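Quick notes on the structure that follows.
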């Protein structure tokens, strides 16, 4: 699947599919119940959709299953640690979705650091959509927030790699869990 095959920025149906799937997945993570996102995916696949949308759904379902398995097997319980599993699976929209609730409930430096992580995920969403200029602006904000507030997060496995990748707008996202 190339970057232009599935475009939630310009295609309403693609955006709906992305949003429906990610919402079901985030709920599945909260409940550690893979059946929830799987049944949502099955319903979406029954619709009349194009091959690129079908491929997107199947790809997401596969990656979601791997993430849930990793999270269960490793006993990962915090949202922050779960977000790094999603990051390494290049599920950047889902990283944004899962961290947003924690960001809204946090305060001070932790809130700013979480916003930096959400923006970092946004950088890779924009890069995948071909918006390098927008990604550059968002990366600058993410770097500033993260650099100044990383110590406010209880867990962050590899901040130097992320900061370097963001500064360079590296199209290949770093693995954050190693």
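How big is the shadow of the Cα convex hull of segment 88-178, averaged over all directions, in nm²?
5.2 nm²
Each principal axis of the Cα cloud of segment 1-75 was taken in turn, and the coordinate range along them, longest first, works out to 38, 22, 18 Å. Expressed as a fraction of 2.2 N^0.38 Å, the C-alpha radius of gyration for the chain is 1.01. The calculated Kirkwood hydrodynamic radius for segment 57-108 is 11.5 Å, given to one decimal from all distinct C-alpha pairs. Between the Cα long axis of helix 79-88 and the first principal axis of the chain there is an angle of about 70°, rounded to the nearest 10. Taking the longest Cα principal axis of the chain as reference, the axis of helix 108-128 is set at about 50 degrees. Could you state the angle between the C-alpha long axis of helix 12-31 and the longest principal axis of the C-alpha atoms of the chain, as a value from 0 to 90 degrees rounded to the nearest 10? Taking Cα atoms only, the helix is inclined about 70 degrees. Residue order for 21, 32, 162, fewest other beta carbons within 10 angstrom first, comes to 32, 21, 162.
The simple spin-label model puts a point 7 Å past each Cα toward its Cβ; for residue 46 and residue 140 those points are separated by 4.9 nm.
Sort 83, 62, 165 so that the residue with the fewest other Cβ atoms within 10 Å of its own Cβ comes first and the one with the most comes last.
62, 165, 83
Counting beta carbons within 10 Å around each of 26, 95 and listing the fewest first gives the order 26, 95.
Taking 0.36 nm per residue of separation and subtracting the Cα-Cα distance, full extension of the segment from residue 65 to residue 23 would add 13.7 nm.
We did not get these values from a lab; they are worked out from the coordinates using the rules stated. Here the structure is a predicted model, which means the values were calculated and not measured. Backbone-built Cβ (ideal geometry, glycine too); neighbour counts: all protein chains shown.
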